[in-house]
Amino acid sequence: MIRLDGVGQVFDGREGRVTALEKIDLHVRGGEFVTLIGRSGCGKSTLLRLIAGLLPPTSGSVQVAEEPVTGPRRDVSFMFQRPALLPWRSVLSNVMLPVEIDKGSDRGKAAYRDRAHQLLELVGLQGFERRLPHELSGGMQQRVSLCRSLIRDPQVMLMDEPFSALDALTRTELSEELQRIKMELATTIVFVTHSIEEAVVLADRVVVLTPRPGRMREVVDIDIPRPRSLAQNAYVTEVAKISARLHALLSEKDSEDRR
Ligand SMILES: Nc1ncnc2c1ncn2[C@@H]1O[C@H](COP(=O)(O)OP(=O)(O)OP(=O)(O)O)[C@@H](O)[C@H]1O
């Protein structure tokens, strides 16, 4: 579904040249859930922007659904750390926003409206359709943002630390919901997080990136049965074991740097 071959990204900033990414070869299968972890500045957001078509790579090629990425695609959605809802629009019309912006949407508006209601129900927000964003908690707003990114049935969802501003309990609930949505809709997901445990619980594969320049250090398969939870669960030992390994991988680079 997603292919990055020999991808590199160099920025010419005011402080000089920054090699944000180097030699990235990553193939994500359809329906797969891949999480990206790594220290701040290792190029995680840059990688998502390249897949989203928001940035052309300096070298190498990026493909989605076997087509070169030349700009944003309507079957690829992006979800950010903050919900970024329009404050004057109701919950329902925030979810409908991508459909209204994209005049080329293939279904009628009524069908999308039904879909919006379904999605809001899926994330436990039925009855809140007419509320305004400021009347909702941060977790509820992020659920609305999740529905908005699903409204056009994207083949690919790119998620940049979407749960990091939430309290632990809401984060746990939303990560369970996201797994359910992924299993139900078979969406391909690339998810950036700073939480090693969240990366393990959500992913089919975890990609460990190291900074300066951003490179793929290792790709770790997660074979733990689903559904998994950040809360106490049957697979807590397995999650802890893999988390410890990832922690060691991320720290190893630091000790190399100090040498
Ligand atoms: N537009 C830009 N111009 C210049 N440098 C940039 C630009 N965007 C990113 N960078 C640099 O590229 C590197 C990777 O940035 P990026 O935001 O992708 O990292 P990240 O892993 O997502 O970081 P964080 O975890 O802090 O969000 C950093 O050194 C950053 O300063």
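Just so it is clear, none of the values below were taken in a lab; they were calculated from the coordinates. Every value quoted in this text rests on a predicted model; they were computed, and no experiment measured them. FYI the Cβ positions are ideal-geometry reconstructions off the backbone, even for glycines, and counts take in every protein chain you see.
Taking Cα atoms of the range 84-153, Rg/Rh with Kirkwood Rh, to two decimals?
Working: Rg = 11.1 Å, Rh = 11.8 Å.
That ratio is 0.94, to two decimals.
Sorted by packing (mean other beta-carbon atoms within 10 Å per residue), highest first, where do 61-70, 48-57 land? Intermediate values should be presented prior to the final figure.
Details: 61-70: 14.1, 48-57: 19.1.
Answer by packing, highest mean first, reads 48-57, 61-70.
Compute the distance in nm between two label points, each set 7 Å from the Cα along the Cα-to-Cβ direction, one at residue 251 and one at residue 234.
3.1 nm
What translational diffusion coefficient, to the nearest whole µm²/s, does the range 24-96 have by Stokes-Einstein, given a Kirkwood radius computed over alpha-carbon pairs, a temperature of 4 °C and 1.567 mPa s viscosity? Intermediate results must be reported in sequence, preceding the final value.
Working: Rh = 14.5 Å.
Answer from the Stokes-Einstein relation: 89 µm²/s.
If N is the number of residues in the chain, what value comes out of its Cα radius of gyration divided by 2.2 N^0.38 Å? Could you put the intermediate results ahead of the total?
Values: Rg = 18.6 Å, N = 259, 2.2 N^0.38 = 18.2 Å.
With N residues counted in the chain, Rg over 2.2 N^0.38 Å equals 1.03.
Order these peptides, 172-182, 122-132, 217-227, by their mean beta-carbon neighbour count within 10 angstrom, highest first. Mind dumping the intermediate values first?
Working: 172-182: 18.8, 122-132: 15.2, 217-227: 13.6.
Going from most to least packed, we get 172-182, 122-132, 217-227.
If we sort 141-148, 9-16, 29-36, 109-116 on the protection proxy, mean other Cβ atoms within 10 Å, highest first, what's the order? Write down the numbers at each step before the final one.
Numbers: 141-148: 23.5, 9-16: 11.0, 29-36: 18.9, 109-116: 15.2.
Answer by packing, highest mean first, reads 141-148, 29-36, 109-116, 9-16.
Considering amide H positions built from the backbone, and no H for Pro or chain starts, which residues 5 or more places from residue 79, or on another chain, come under 5 Å of its amide H?
Those lying under 5 Å, H to H, from residue 79 are 158, 159, 160.
If R0 is 51 Å, what FRET efficiency do you get for residue 205 and residue 134 from their C-beta distance, rounded to 0.05?
With a Förster radius of 51 Å, E is 0.85.
Using modelled backbone amide H atoms (1.01 Å from N, in-plane), which distant-in-sequence or interchain residues come within less than 5 Å of residue 60's amide H?
Under 5 Å from the amide H of residue 60 lie the amide H atoms of 8, each far enough along the sequence or on another chain.
How high is the relative contact order of the range 30-149, given as a whole-number percent (alpha carbon pairs under 8 Å, six or more residues apart)?
Numbers: 100 pairs, mean separation 31.4, N = 120.
Worked out over the range 30-149, it gives 26 percent.
Quick check: the angle from helix 168-185's long axis to the longest principal axis of the chain, C-alpha only, nearest 10 degrees?
The two axes meet at around 80 degrees.
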